[in-house]
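Below: one structure, written as structure tokens.
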Amino acid sequence: MGSVLFLGGTGTISWWCLKAALKAGWNVSAVGRGLSRLRPLPDEAEWIKADVTDSASLAQALEGRRFDVVADFLSYDVARLRRNVELLGDRLGHYIFISTASAYQKPVASLPITESTPLVNPFWQYSRDKIACEDYLVGLVRRDGFPATIVRPSHTYDAAMSVTLGGWTDLARMRAGKPVVIQGDGTSLWTLTHASDFAYCFVPLFADRRAIGNTFHITGDEVLPWDAIYWELARAAGVSEPMLVHVASATIGRVLPDIRDGLLGDKAHSVIFDNSKVRAIATGFAQKIPWRVGAAQYVDFHDSHPELAVSSPEVEAAFDQLAALA
């Protein structure tokens, strides 16, 4: 194959992609400040220790190195992305930038979402910053022929990462017989993708010339209403009759301002994706981890790691308040 550098490599998505790249025969390096106890780096991968927020530290760590592919999971604004491109631009063959599917128009005008759906998110600064990054890269591609690809994950998870509003607090409340808050009326449609399924489609982009200058989103095929997502989680947790309470997203955002923008700018809206573009390259894809399996993995993992199965007093209090309003 060739060499690939992961900017990141221990995150929810990047760790699974790194493992898939190793399995596919790539020589894998990852750069960051420290290794993760939760997602340890495989022995076959090279760890390059550097502070990616410090330009001098990163430049020193990568001095003289060339990579066939750079997979950038750590650029969240144009300043960081420009720094990375200027540092590595003449020492790579293919630059893959990880954007976000939350950049798509909210509320979306039509479904399914394709790569040509407009990028407009007036609710969430995170999404607008990723859109600005995409604009910067597209400019480089058009002006200089820079070998870039843009990839947009949607809601991608693994056993260590919650998919619901309250995280483990939702499970603790279900098991305690307390009401659990769901945004809207629970019928809006959502797509959950296990990170291993994302990785299966991501790695084939590395060496395919059709990917350069192009944009892809990568999601699974399963589409579920939010009520069904919570019901599967309850079943996995051994709860037969969860108390599900529906509250308007704007009301939740007022009580829990830390999640307001991501809720109004993403999870409050139905999303269905047409993945035919990436499947033309990552042929033979079949979703291996449906949410039924993923929910069981999440519960089992946290039950076996009690130090992670921690309920938040702040979220508990907020959910009590919201449940009283329903």
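Some points to look at:
- For region 94-115, the condition of being surrounded by fewer than 23 Cβ atoms within 10 Å (Cβ to Cβ) and acidic (D, E) holds for at least one residue.
- Residues (in contact with a strand residue (DSSP E or B) (Cβ under 7 Å, 6 or more places away or on another chain), buried (at least 17 other Cβ atoms within 10 Å of the Cβ) and of a type outside the set (A, V, I, L, M, F, W, C)) located in region 232-248: P242
- Against the conditions (1) buried (at least 17 other Cβ atoms within 10 Å of the Cβ); (2) among the polar types (S, T, N, Q); (3) under 23 Å from T149 (Cα atoms), T283 satisfies every one except (1).
- Hey, A109 more than 30 Å from K23 (Cβ to Cβ), free of Cβ contacts under 8 Å to residues at least 60 places away in the same chain, over 19 Å from the mean Cα position of the chain (by Cα) and outside the structural domain of S75 (by TED's automatic domain parsing) or not: no
- Matching residues, region 4-41, being assigned to a strand (DSSP E or B) and among the small types (G, A, S): G8, S29, A30, G32
- Residues within region 148-201 that are assigned to a loop (DSSP other than H, G, I, E, B) and farther than 22 Å from T283 by Cβ, tallied: 19
- Within region 182-231, being crowded, with 21+ Cβ neighbours inside 10 Å and over 19 Å from the mean Cα position of the chain (by Cα) holds for I182, Q183, A211, Y230.
- Hits in region 61-82 - residues which are assigned to a loop (DSSP other than H, G, I, E, B) and either over 20 Å from S127 (Cβ atoms) or acidic (D, E) (or both): E63, G64, R65, R66, D77
- Screening T117 on (1) free of Cβ contacts under 8 Å to residues at least 40 places away in the same chain; (2) under 22 Å from A30 (Cβ atoms); (3) in contact with a Phe, Trp or Tyr (Cβ under 7 Å, 6 or more places away or on another chain) shows it passes everything except condition (2).
- Residue identified as under 14 Å from M161 (Cβ atoms) and either assigned to a helix (DSSP H, G or I) or touching a helix residue (DSSP H, G or I) at 6+ places or on another chain (Cβ under 9 Å) (or both) among Q297, Q321, Q287: Q297
- Looking only at residues of region 125-157 that are among the aromatic types (F, W, Y) and more than 15 Å from the chain's Cα centre (by Cα), we find that the one that is farthest from G11 (Cα to Cα) is F146.
- Any chance A282 is at negative phi, at pLDDT 95 or above and in a loop (DSSP other than H, G, I, E, B): yes
- Scanning region 245-261 for residues that are in contact (Cβ under 8 Å) with a residue 12 or more places away in the chain and out of contact with any Phe, Trp or Tyr (no Cβ under 6 Å at 6 or more places or on another chain) turns up V245, H246, V247, A248, S249, A250, T251, I252, V255, L256, I259.
- None of V247, V239, V203, V255 is within 30 Å of A21 (Cβ to Cβ) and among the β-branched types (V, I, T) except V203.
- Qualifying residue in region 61-69 (condition: surrounded by fewer than 23 Cβ atoms within 10 Å (Cβ to Cβ), at pLDDT below 95 and at positive phi): yes
- Residue in region 307-315 that is assigned to a helix (DSSP H, G or I) and under 22 Å from the mean Cα position of the chain (by Cα) present: no
- Residue in region 222-238 that is farther than 19 Å from A103 by Cβ, assigned to a loop (DSSP other than H, G, I, E, B), in contact with a Ser or Thr (Cβ under 8 Å, 6 or more places away or on another chain) and in contact (Cβ under 8 Å) with a residue 40 or more places away in the chain present: yes
- Subset of region 70-80 [surrounded by 19 or more Cβ atoms within 10 Å (Cβ to Cβ) and either over 19 Å from the mean Cα position of the chain (by Cα) or among the β-branched types (V, I, T) (or both)]: V70
- Only a single criterion out of (1) under 29 Å from D68 (Cα atoms); (2) surrounded by 18 or more Cβ atoms within 10 Å (Cβ to Cβ) is not satisfied by D135, namely (2).
- Applying the criterion of being in a helix (DSSP H, G or I) and touching a helix residue (DSSP H, G or I) at 6+ places or on another chain (Cβ under 7 Å) to the residues of region 42-60, the residue that is surrounded by the most Cβ atoms within 10 Å (Cβ to Cβ) is L58.
The values are calculated or read from the model by the stated rules, or taken from the named source; none is laboratory data. Treat the numbers as computed from the prediction; the structure is a model and nothing was measured. Counting neighbours? That spans all protein chains shown, and the Cβs are built from the backbone with ideal geometry, glycine included.
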